[in-house]
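First up is the structure itself, then whatever we jot down about it.
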Amino acid sequence: MTLQTWDAIIVGGGIIGLSLSISMRKRGARILLVERGEPGREASRAAAGMLVDFPEETPALLQPFAAASAAMYPEFVHELKDESGINPDLRGQGTIVFAPGEAYKSDHAPAEKLLPGQVAQLEPALAASHGPAFYLKERSVDPRALVAAALKAARHRGVDISSGSAVTELLLCDGRVEGVVTAKTTYRAPIVVNCAGAWAGQISPHRFPTRPVKGQMLSVVGQPVLKHVIRSDEVYLVPRSDGRILIGATVEEAGFDKRTDADTIHRMHQAAIRLVPALERARVLEDWAGLRPGTPDDLPILGATGTAGYFVATGHFRNGILLAPVTAHVTAQVIAGAKPDYDLAAFSPERFQQTEALAPS
Ligand SMILES: Cc1cc2nc3c(=O)[nH]c(=O)nc-3n(C[C@H](O)[C@H](O)[C@H](O)COP(=O)(O)OP(=O)(O)OC[C@H]3O[C@@H](n4cnc5c(N)ncnc54)[C@H](O)[C@@H]3O)c2cc1C
């Protein structure tokens, strides 16, 4: 009997694990992606899909990385669309942001201050007078279509996928990783990458300090048709090309609870109607919640761990859809032993000294 082996195992089939599997496959590596449930059903499916790299809203240490990823998006989507036949609905109409007071500085290059008349011209359905408004040249994408495209593209490129397999721990020998252990079996590879999102800290021996940060959202359809993403201090609205409008989102510390709460959904819906009164007539399609992978400093955890052969790419919190292309690119570089194109020092797993004693092999 020949035991099947791979060059690398990726744990977690969200947008981060899927994008990385494609990047590593392009470099010729044989990849097994091990997913506890079905790929793309957790945070990556729940996201709004705004690609926000605006300096006023992005942590300073993340900004260059976020801007790099935003610039990579057209090519990233183009490739996925070509290989999968699925359109991730990349939209470039931009964002109108209502900032309380003068919180936004109009001297920030990507922000253009708007006069009330200009706001009404850009988006006639908006209610008048919501305070100072700015226009941002931002894009958005449909994360459901994006993960479906990434999954199909990964399969098309020959990534092996094991669904319904929860990794419980690493397989270790002499302090190096040799594979992963699941409830059913053991998979072997000299490289393992933890892309398990909010659950990344549950795989021993490294307890990465990721935590679930719940976000509830709803979607509506019908009139009005919005062109731009709209953000206020209460709520954001993200239009899709098929006429749906997403309304979100809460940011809650609620453990691994993914239930929605009718009052909270109602409050967000009402806030959206205050911004765009005609939304009162739109039909509510669905509501849902997802768990963002949060970290203590709101920055991702990327790179080599203290265990030889073991890498991590997680903790993308509110920006994992945006950061998928650049994360896949630099993580594949680091794993291949190349110098990454961006400085990853701020995202090093070493900043959290929470490694358990290595389990006996
Ligand atoms: C409401 C909401 C709105 C958002 N809006 C935006 C936005 O507008 N823009 C943006 O950029 N980001 C947004 N985000 C954030 C974004 O969704 C996340 O940062 C991103 O999806 C994280 O991707 P991931 O692959 O790390 O995690 P996930 O998509 O959660 O994937 C992790 C995968 O790992 C699997 N897994 C877990 N444990 C194991 C195990 N032991 N073994 C095997 N598999 C395992 C899970 O089943 C899951 O499929 C939003 C998130 C939410 C919830």
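What do you reckon, is GLU83 charged (D, E, K, R) and within 29 Å of ILE247 (Cα to Cα)? Against the criterion (charged (D, E, K, R) and within 29 Å of ILE247 (Cα to Cα)), GLU83 does not qualify. In segment 78-87, is there at least one residue being under 30 Å from TRP6 (Cβ atoms) and not in a helix (DSSP H, G or I)? Checked against the condition, which is being under 30 Å from TRP6 (Cβ atoms) and not in a helix (DSSP H, G or I), segment 78-87 yields at least one hit. Please tell me if SER129 is of a type in the set (Gly, Ala, Ser) and either in the same structural domain as GLU112 (by TED's automatic domain parsing) or more than 13 Å from the ligand (Cβ to nearest atom) (or both). It is true that SER129 is of a type in the set (Gly, Ala, Ser) and either in the same structural domain as GLU112 (by TED's automatic domain parsing) or more than 13 Å from the ligand (Cβ to nearest atom) (or both). Number of residues in segment 272-294 that are more than 11 Å from the ligand (Cβ to nearest atom) and crowded, with 17+ Cβ neighbours inside 10 Å equals 6. Would you pick out the residues in segment 1-53 that are near the ligand (Cβ under 6 Å from one of its atoms) and acidic (Asp, Glu)? Result: GLU35, GLU42. Applying a threshold of 6 Å to beta carbon distances and a minimum spacing of six or more residues, or different chains, the list of pairs starting in segment 306-331 at a residue that is surrounded by fewer than 23 Cβ atoms within 10 Å (Cβ to Cβ) and ending at one that is modelled with pLDDT under 95 reads GLY306/THR355. Entry remark, segment 184-202: residues being of a type in the set (Val, Ile, Thr), out of contact with any Gly (no Cβ under 7 Å at 6 or more places or on another chain) and either more than 12 Å from the ligand (Cβ to nearest atom) or under 22 Å from GLU253 (Cβ atoms) (or both) number 1 in total.
Every condition in (1) surrounded by fewer than 24 Cβ atoms within 10 Å (Cβ to Cβ); (2) at pLDDT 95 or above; (3) in contact with a Lys or Arg (Cβ under 6 Å, 6 or more places away or on another chain) holds for ALA43 except the one numbered (1).
Pick from segment 92-123 the residues that are part of a loop (DSSP other than H, G, I, E, B) and at pLDDT 95 or above: which of them is farthest from the ligand (Cβ to nearest atom)?
GLU123
Among the residues here, PRO59 qualifies as surrounded by fewer than 20 Cβ atoms within 10 Å (Cβ to Cβ) and within 15 Å of the ligand (Cβ to nearest atom).
The values are calculated or read from the model by the stated rules, or taken from the named source; none is laboratory data. Owing to the predicted nature of the structure, the values given are computational and were not obtained by experimental measurement. As a convention, Cβ positions derive from the backbone with ideal geometry for all residues, glycine included, and neighbour counts pool all protein chains shown.
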